[in-house]
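The values are calculated or read from the model by the stated rules, or taken from the named source; none is laboratory data. Keep in mind the model is a prediction, meaning the values are calculated, not measured. Neighbour counts are summed over all protein chains in view; Cβ atoms, including those assigned to glycine, are modelled from backbone coordinates with ideal geometry.
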Amino acid sequence: MEPSNKYMFKHKGAYFVQNVTTAEYIDSLEDFEIRDSDVFVVTYPKSGTVWSQNILSLIYHEGHRDGTENINVIDRVPWLEYNLYKVDFVSRPSPRLFTTHMFYNLVPRDLRNRKGKVIYVARNPKDVVVSYFHFSKISVTLETVSDFNIFLEKFLAGKVIPGSWLDHIGGWFTHRDDFNILFLTFEEMKKDLRGAVLKICKFLGKQLTEKELDTVVEKASFDNMKRDARANYENMPESLQERGKGHFLRKGTIGDWKNTMTVVQSERFDSVFKEKMKELPFKFIWDINEDL
Ligand code: A3P
């Protein structure tokens with residue numbers, strides 16, 4: 001791993017965004033008390049985080065479903081390691097919803113002892129690296145790498161926040177028995193959003209009416225989220241996301257990597273990742289026309 005730089009710092013084998021968190025704060029999270037009713041969205045970046053945050057929020061907050069509350073999704077389902085608005089998590093009423101990109105070993109001890117619930121969402125890493133590359137151009141907190149080839153090499157070497165994709169998903173999967181965890185993929189959400197929402201509800205023990213379920217599915221569609229500023233991160237402070245350079249919700253498709261990666265880059269990716277990915281039991285779709 002490379003040492004820390006202007007954009008990221010290294011702590012306990014992982015990279016974190018500079019200036020929005022500290023090593024001391026990350027360490028303090030080990031003792032952060034988890035409640036049985038807490039729910040965590042866990043993702044590697046660009047894997048469907050905001051989508052899952054929005055779905056969780058729609059399941060839990062009636063005001064979000066019926067439009068009576070004007071609260072951004074980042075405030076409803078805040079980041080654990082990047083407490084941007086210095087929210088007092090301890091005084092937050094239950095059920096608390098959180099988001100994290102952290103590796104399994106850095107999350108609160110209680111969570112690793114099967115307290116609370118975790119929804120881990122994974123995405124085809126070729127789409128992840130392409131989405132990440134485009135995102136790095138609009139995010140003020142990330143280093144802008146204008147050459148995709150260079151970004152790809154950084155990604156393959158795990159020199160991006162929070163580290164290696166394979167280690168992230170591999171760690172969470174290998175240690176799945178330590179957690180109350182549901183694994184989902186971006187691809188299954190894309191192919192059957194209603195089925196994915198039902199899976200989440202079942203895991204959370206939440207019983208929605210058919211009408212409520214319909215609303216969640218409708219409001220969590222790409223087109224509706226793109227229009228809903230509370231759900232699409234358009235309200236992020238200028239200090240984090242540069243306006244006018246692009247949108248957080250970019251394409252939201254499966255297989256977009258083909259529009260950015262050359263055949264040589266794709267083969268390079270396969271030579272590093274594909275063999276190791278066989279150890280993972282996830283079915284990723286590499287092309288929109290493939291069936292799950
Ligand atoms: P693209 O850049 O490929 O469009 P994250 O929230 O983890 O950063 O992931 C962002 C990716 O999820 C972006 O991918 C974004 O468009 C996609 N996304 C967000 N909401 C979505 C939705 N409702 N449906 C499909 N994709 C969505």
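So SER131 fits all but one of (1) in contact with a helix residue (DSSP H, G or I) (Cβ under 7 Å, 6 or more places away or on another chain); (2) assigned to a helix (DSSP H, G or I); (3) crowded, with 17+ Cβ neighbours inside 10 Å; (4) of a type in the set (S, T, N, Q); what number is the exception? For SER131, the exception is condition (1).
Please verify whether SER164 is among the hydroxyl-bearing types (Ser, Thr, Tyr), closer than 28 Å to LYS276 by Cα, without any contact (Cβ under 8 Å) to a residue 40 or more places away in the chain and away from the ligand (no atom under 13 Å from the Cβ), treating the condition exactly as stated. So SER164 fits the description; yes.
Mind listing just one residue for me: the one in segment 67-79 that is in contact (Cβ under 8 Å) with a residue 12 or more places away in the chain and surrounded by fewer than 24 Cβ atoms within 10 Å (Cβ to Cβ) and, of those, nearest to the chain's Cα centre (by Cα)? Going through the qualifying residues, I end up with TRP79. Checked against the criterion of being away from the ligand (no atom under 14 Å from the Cβ), closer than 22 Å to ALA196 by Cβ and modelled with pLDDT of 95 or more, segment 119-142 has no qualifying residue. Annotation: ASN232 fulfils all but one of (1) in contact (Cβ under 8 Å) with a residue 40 or more places away in the chain; (2) polar (S, T, N, Q); (3) exposed (fewer than 14 other Cβ atoms within 10 Å of the Cβ); the unmet one is (3).
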